[in-house]
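Below: one structure, written as structure tokens.
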Amino acid sequence: MKENGIKVVNLLKKFDDLIAVNDLSFEVKSGEIFGLLGPNGAGKSTTINIMTGLLHQTSGTAVIGGYDIKNKAHKVRELIGVCPQEPAFYPYLTGRENVEFFGNLHGMPKKFLKQRTDELLEMVGLVEGATRQAGKYSGGMIRRISLVMALINDPKIAFLDEPTVAMDVQSRRATWDFIKKLKTQGKTVILTTHYIEEAESLCDRVGIIDRGTLLALDTPRALMKEHGAKDLEEVFIKITGRKIRE
Amino acid sequence: MVKKMKIQRINAIVKKEMKKLTRVPATLFMALLFPLVLTGAFGLAFGGGNIAVDTTYTIGIIDLDNSAWSNLFIGNLSASNVISNQFYESNDTAQADLAQGKVDAVIIIPDKFGASIDSYWLNPLNASTWENTTINLYVDLGSLIVSNALPPLIQQILLTTLYGEQALSISQPVTIGNLSGVQASHNTQFDIMAPGMFAFAAIFLVLIVAEGFTEERTTGILRRIQLTPTTPAEVITGSTIAHMITGILQTAIVFFAAGFMGFNIGTDAIRILFAFILVSLLVLCNVGFGLITASLAKSLGSATGISFIFILPQMFFGTFVPITSDITKLVPSYYVTETLTSIFLRDAALTSEVVLYNFVIMIGYCVVVIIGGIVLFAKFGREK
Ligand SMILES: Nc1ncnc2c1ncn2[C@@H]1O[C@H](COP(=O)(O)OP(=O)(O)OP(=O)(O)O)[C@@H](O)[C@H]1O
Ligand SMILES: [Mg+2]
């Protein structure tokens with residue numbers, strides 16, 4: 001495994017009787033955009049939460065950037081940026097203050113922090129909104145500021161849990177461009193989504209996950225070819241007999 | 001894993017909390033406006049009032065005379081059913097107990113007391129032959145009742161001693177000397193309540209801390225912080241520093257508001273500093289209670305509810321509510337209120353036994369509660 005890759009082996013997570021993640025194994029290469037595609041409750045967030053050390057697995061291993069999350073979580077946290085599915089932020093801080101707060105928690109030098117904040121706010125189109133208190137933001141603005149908060153530390157590996165939910169088409173496309181730019185900078189990106197289009201146009205490789213189990217893993221093109229499908233939705237239907245979402 | 005705490009992180013957390021204080025109206029009200037309004041309202045309500053309560057007063061007696069007359073006087077003091085006597089050998093110990101509120105007043109019967117009365121009875125009509133003496137009376141300056149009610153009472157008992165039951169208002173050979181610190185008789189009920197108000201404001205930090213942390217947990221921001229290299233120690237330290245600042249601001253507000261409403265805090269900088277340190281310990285203690293509450297609470301609502309388990313006893317047993325029971329000694333605010341009363345109203349020295357004793361108890365209390373709070377919170381408080 002290369003420096004900024006991820007290796008997950010036989011990952012299992014039980015919540016009491018419920019198996020949320022079932023014997024999951026996959027690798028993410030350094031510099032790759034990797035997508036976990038699956039319907040609600042598939043186990044995407046649980047997988048991300050284990051990989052970032054928020055949850056402890058029942059068994060199996062997850063090695064992030066060369067460090068086992070189980071005993072080297074503090075090392076992993078210096079490498080990663082995480083955008084949670086529920087965008088947590090301080091409503092009484094402005095957008096910019098929220099971002100800079102997290103930059104400070106990452107111990108970023110002041111000058112670099114300011115420069116990077118400006119740059120990221122510009123990229124997500126929040127330059128003007130950034131001076132307002134985040135509690136007054138629209139849903140889409142919250143998602144965008146949350147993304148900036150996650151990436152402020154210029155992480156080598158980015159975990160993005162449903163990064164474009166609740167965004168309008170324009171913001172979604174801007175966010176995709178933004179994620180593609182991360183790739184050109186050599187970052188590893190692992191994102192979850194239930195948007196077919198997002199997985200197809202953004203991800204180098206996609207893992208299709210349902211009820212905690214990884215059903216298929218390949219490039220979108222190869223998956224479609226293998227199942228004789230015109231898009232990933234059809235791939236999912238062919239494998240499971242169900243639609244990803246109604 | 002022991003890791004060095006990073007100032008930059010702690011600083012960011014402190015700043016964030018201070019912004020919350022100034023920007024969130026509910027927090028601003030709870031932390032700063034509430035103490036101001038409370039002090040102002042109490043000052044208006046009780047600033048001029050007078051109170052009369054029937055109690056027993058304990059009087060420290062130093063009998064330097066030890067004559068039949070002095071024994072009669074002491075006997076008469078005991079016979080009045082509102083006074084109980086306690087005897088001292090030296091003035092110093094008696095004064096120390098007075099300063100610490102153990103006795104309500106101290107009477108020094110001079111060595112010429114008996115001789116003086118004898119000289120009077122030898123020639124009651126010729127004042128020039130009397131041997132005049134003065135009884136020194138010191139009263140608890142912290143109590144309005146004592147400083148107002150005791151001197152005339154003792155005067156009356158003195159008359160009874162001299163002339164028997166049908167004491168007349170004729171000139172006497174023995175008089176009671178000037179009360180030391182007579183301004184104490186101007187103490188209003190508000191003056192007596194003021195020390196409790198300093199403690200009162202700090203108590204409500206439980207609510208602010210508990211709700212703050214519970215909210216941060218339920219909104220997921222604590223998890224988000226957990227995803228950065230920030231340690232729990234840094235989160236708690238930052239938050240504690242911020243709440244110490246809030247607590248000191250509160251105390252300053254109550255100080256100035258109480259001063260404005262007529263409470264005399266004096267000019268002794270060391271005393272004022274000591275009072276601030278003492279209240280800061282109470283603040284720390286209540287931050288600890290807040291952490292414990294946040295660790296136990298599952299939701300914002302239960303955080304509020306559990307907070308009051310810490311707030312109410314501290315309020316009733318340790319501020320300006322006059323309860324005399326040993327149960328008061330269970331709450332930290334009691335030690336602060338009691339000590340501040342000693343310092344500001346009874347004029348106790350900072351080095352006096354009770355002050356030091358309370359101070360040490362507060363430090364111990366604080367250490368236990370804050371460590372308990374941190375351990376509980378680090379273990380159970382961040383995830384539910
Ligand atoms: N803390 C928890 N306690 C119990 N069950 C949980 C917990 N977290 C998740 N689950 C369960 O695990 C399963 C997987 O949930 P997860 O959040 O990982 O799904 P997801 O793929 O992210 O779905 P979505 O698209 O809705 O975000 C679900 O059945 C969920 O109910
Ligand atoms: Mg999810």
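Miscellaneous remarks
- Threshold 10 Å² - residues in the range B:188-235 whose accessible area is reduced by that much or more when the chain is no longer isolated, probe 1.4 Å: B:216, B:219, B:221, B:223, B:224, B:225, B:226, B:227, B:228, B:229, B:230
- A Förster radius of 35 Å, combined with the Cβ-Cβ distance separating residue B:92 from residue B:121, puts the computed FRET efficiency at roughly 0.55.
- Within the range B:57-166, DSSP assigns beta bridges of which about 30% are antiparallel (rounded to the nearest 5).
- Count of lysine pairs in chain B with Cα separation under 21 Å (8 or more residues apart, or interchain): 9
- Label-point separation in nm, residue A:127 to residue B:11, each point 7 Å along Cα→Cβ: 2.8
- Virtual spin-label span in nm between residue B:218 and residue A:166, 7 Å along Cα→Cβ: 1.7
- Ranking A:111, B:6, A:243 by solvent-accessible area of protein heavy atoms (1.4 Å probe, all protein chains present), from largest to smallest, gives A:111, A:243, B:6.
- Extension gain (nm, one decimal) between residue A:180 and residue A:7, 0.36 nm per residue minus Cα-Cα: 60.1 nm
- Tilt relative to chain A, helix A:169-184 - C-alpha long axis, 0 to 90 degrees, to 10: 90
- Ranking by accessible area, most exposed first, for B:338, B:215 with a 1.4 Å probe: B:215, B:338
- If R0 equals 30 Å, the separation of the Cβ atoms of residue A:75 and residue A:239 corresponds to a calculated FRET efficiency of about 0.25.
- Cα gyration tensor shape for the range A:125-246, rounded if a/c is under 1.5, else prolate or oblate: prolate
- Of A:7/A:44; A:136/A:181; A:44/A:183; A:136/A:183, pairs whose Cα-Cα distance is over 26 Å: A:136/A:181; A:136/A:183
- Rolling a 1.4 Å probe over the heavy atoms of the protein chains gives the protein assembly as shown an accessible area of 44 Å² per residue.
- Cα gyration tensor shape for the range B:57-166, rounded if a/c is under 1.5, else prolate or oblate: prolate
- Chain pair B, A: total accessible area buried, heavy atoms, 1.4 Å probe, Å²: 2400
- 0 to 90° range, to nearest 10: angle between helix A:110-123 axis and chain A longest Cα axis: 60
- Of the residues in the range A:70-93, those shielded by at least 40 Å² of accessible area once partner protein chains are present, compared with the chain alone at a 1.4 Å probe, are A:74, A:77, A:88, A:90, A:92.
- Rounded to 5, the percent of DSSP beta bridges in chain A classed as antiparallel: 55
- Convex hull per residue volume in Å³, alpha carbons only, for the protein assembly as shown: 175
- Heavy-atom accessible surface of the protein assembly as shown: percent carbon and sulfur, 1.4 Å: 59
- Label positions at residue A:115 and residue B:327, each projected 7 Å from the Cα along the C-beta direction, are separated by 6.5 nm.
- At R0 = 25 Å, FRET efficiency that the Cβ-Cβ distance of residue B:248 and residue B:302 yields, to 0.05: 0.30
- The range A:166-213: C-alpha gyration tensor shape, a/c 1.5 cut-off, then a/b vs b/c: oblate
- Against the main long axis of the alpha-carbon atoms of chain B, helix B:189-203 sits at an angle near 20°.
- Beta bridges assigned by DSSP with both partners in the range A:118-246 are antiparallel in approximately 50 percent of cases.
The values are calculated or read from the model by the stated rules, or taken from the named source; none is laboratory data. Since the structure is predicted, the reported quantities are computational estimates derived from the model, not experimental observations. With ideal geometry, Cβ positions are generated from the backbone for all residues, glycine too; neighbour counts draw on all protein chains shown. Note: accessible area is taken over every heavy atom of the protein model, side chains too, but ligands, DNA and RNA are not part of it. Shrake-Rupley method; radii C 1.70, N 1.55, O 1.52, S 1.80 Å.
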